[in-house]
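Have a look at the structure below before the remarks.
The values are calculated or read from the model by the stated rules, or taken from the named source; none is laboratory data. If you're wondering where the values come from, they're calculated on a predicted model, not measured in any experiment. Neighbour counts are summed over all protein chains in view; Cβ atoms, including those assigned to glycine, are modelled from backbone coordinates with ideal geometry. Keep in mind that these areas ignore ligands, DNA and RNA; they rest on the heavy atoms of the full protein, side chains included. Shrake-Rupley method; radii C 1.70, N 1.55, O 1.52, S 1.80 Å.
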Amino acid sequence: MSTFSGINLSSRALTAAQRAMEVTGQNIANVNTEGYTRQRLEQTESVAGGTGTYARRNAPGEGVEITGIARVSDALTEAAARQDVATAAEHQAATAVWTRLEANLGEDGTSGLSYQLNDMHKAFSDLGNATSAENVLAGRTHALARATNVAETAKQVDAQVQSQWSELGGRIDLHTADVNSTAEKVAGLNAAILNAGTTGVSANELLDQRERALSHLAELTGARVVGREGGMVDVYVGNAAVVAGRQSFTLTATHGTSLADVKAGKSGTTLTIGNAAVQPTSGSLKATLDAVNTTVPDVSKGIDKSVRDIAAAVNAAYNPGGTGQDLFTFTTASVNGGGAAEQIRVDPALTPASMQDSTPGTVDRARAKAVGELSTAPNSPTRSWRSTVVDIAAKTQASEIRADLASQVSLKSIAARDSVSGVNIDEEMTNLVSYQHAYSAAARVLTTIDQALDTLINRTGLVGR
């Protein structure tokens, strides 16, 4: 071992301390960077080289060696955070769907169907109590107008639901485009990470970027991540791979023709990767897909049923026995492919002069009263409709509760992940002071060796000085 080996030892110590301060500075610089994972300098002691007869005994090692810069993370907490974020995103998206469906009913004001039904019952009650021909004609006109309002309100509700269904289909297209671009990004980062590993360059920042992309994929689809050689990962949506190493695959959405077709049991929106059918396990895309294929069609079916119940109850009261002219009829064809809520109307042939309601002094007077009395009858259309409204409201509230719970769980998972990989500024400042002292001590060792060598080289052999 050379006499000057102490200088090499001190130089390594200085380099290690300096590099540690640089890594700490990198952590401090990114303390507010979203998705940044703190890094740590890894180092180990150097083993003294040389063996055999002339190897020096009782000598220290060769100082310190830098083995790498580690990314401080835990795969389990990262996976748990991704999954919980996906679940929270799914419930939030589902809540948004239910909230919009509830708003489409318009029951919080005077434009809702319940309000229009009450107005119609009141108009027919007033018609049933009319005492003069003039009041009867005015009452008929008023009652027909209120019945028309009921039909138009039902159509408006149906139009809002159909509009929401179409918008959700467009949102699925946006989500699939987002999935495809993110998957392509992950595949590119996989390639970059593999290349960095083969050349010995740190890939920590690339790993952070990939983790953010993976979290976004999970938020959309509940994607499952599987590690592979070279630091790369495969990503699965359901059982189909959307990323395999350096290659990404396209997720495609195929939509049903109309809401009416989906309600009739025909194929709705489907997702495929290549020829494989794909079903996201969680995430906002799953919630949107469920809304298009199940939630909105089921609600629309419920609305259609309530509208048919309304028409049946009113017609039974207005046209007992079904031998005369009904008040409500349904068109044979719809404009948007909708059901009863879109097709309901007041019979176009019915006019105030032709109404069979309440000619004073005749038995027909009972028909108008019967329609008016439906408001308190056990089979009241208002009660039937309100049960539909209450069912939607209850499901909306339940969805909100689930979303709140999932959000709390997600926040805890993110906090657990950040407690491992997040930057703690107090800890970094403590490390910085420690590395600074290590650097100063190594510099002091170097100075001491320099002075010793100066004495050995320049003063040895000089006597009398």
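Couple of notes before you dig in:
- Checking each residue in region 404-424 for being in contact with a helix residue (DSSP H, G or I) (Cβ under 7 Å, 6 or more places away or on another chain) and either under 27 Å from Ser114 (Cβ atoms) or open to solvent by 40 Å² or more (accessible area, probe 1.4 Å) (or both) picks out Val409, Ile414, Ala416, Arg417, Val420.
- In the set (1) at pLDDT below 90; (2) open to solvent by 30 Å² or more (accessible area, probe 1.4 Å); (3) touching a Leu at 6+ places or on another chain (Cβ under 8 Å), the condition left unmet by Pro320 is number (3).
- Screening the candidates Ala147, Ala130 for the property of being assigned to a helix (DSSP H, G or I) and surrounded by 20 or more Cβ atoms within 10 Å (Cβ to Cβ) yields one hit, Ala147.
- Where Glu229 falls short, out of the listed (1) within 29 Å of Ser163 (Cβ to Cβ); (2) surrounded by fewer than 20 Cβ atoms within 10 Å (Cβ to Cβ): (1)
- The helices (runs of 4 or more DSSP H) found entirely in region 250-333 that carry 3 or more residues being in contact (Cβ under 8 Å) with a residue 40 or more places away in the chain and over 28 Å from Pro378 (Cα atoms) are 259-263, 284-290.
- Test: Ala393 is at pLDDT 90 or above and over 36 Å from the mean Cα position of the chain (by Cα): no
- Subset of region 260-296 that is surrounded by 14 or more Cβ atoms within 10 Å (Cβ to Cβ) and of a type in the set (Lys, Arg) - its residue that is nearest to Gly169 (Cα to Cα): Lys286
- If you go through region 425-451 and keep only what is of a type in the set (A, V, I, L, M, F, W, C) and open to solvent by less than 60 Å² (accessible area, probe 1.4 Å), you end up with Leu432, Ala438, Ala441, Ala442, Ala443, Leu446, Ile449.
- In region 193-231, the residues that are free of Cβ contacts under 8 Å to residues at least 40 places away in the same chain, assigned to a helix (DSSP H, G or I), closer than 13 Å to Arg82 by Cβ and among the β-branched types (Val, Ile, Thr): none
Residue-by-condition table, conditions (1) closer than 25 Å to Ile414 by Cα; (2) open to solvent by less than 60 Å² (accessible area, probe 1.4 Å); (3) modelled with pLDDT of 90 or more; (4) not in a strand (DSSP E or B):
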{"site": "Thr24", "(1), (2), (3), (4)": "yes, yes, yes, yes"}
{"site": "Thr53", "(1), (2), (3), (4)": "no, no, no, yes"}
{"site": "Ala59", "(1), (2), (3), (4)": "no, yes, no, yes"}
{"site": "Ala94", "(1), (2), (3), (4)": "yes, yes, yes, yes"}
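- Leu105 being touching a Ser or Thr at 6+ places or on another chain (Cβ under 9 Å), at pLDDT below 90, crowded, with 21+ Cβ neighbours inside 10 Å and closer than 30 Å to Asn315 by Cα: no
- Here Ala241 meets each of (1) under 18 Å from the mean Cα position of the chain (by Cα); (2) part of a strand (DSSP E or B); (3) not polar (S, T, N, Q) with one exception, condition (1).
- Residues being within 25 Å of Gly68 (Cα to Cα) and open to solvent by 20 Å² or more (accessible area, probe 1.4 Å) are represented in region 217-226 by at least one member.
- In region 146-163, the residues that are free of Cβ contacts under 8 Å to residues at least 60 places away in the same chain reach residues that are open to solvent by 50 Å² or more (accessible area, probe 1.4 Å) and part of a helix (DSSP H, G or I) with C-beta atoms within less than 9 angstrom, at least six apart or across chains, in these pairs: Arg146/Lys122; Thr153/Tyr115; Gln160/Arg100; Gln160/Ala103.
- When Gly188 is tested against (1) surrounded by 16 or more Cβ atoms within 10 Å (Cβ to Cβ); (2) within 20 Å of Asn30 (Cα to Cα), only condition (2) is not met.
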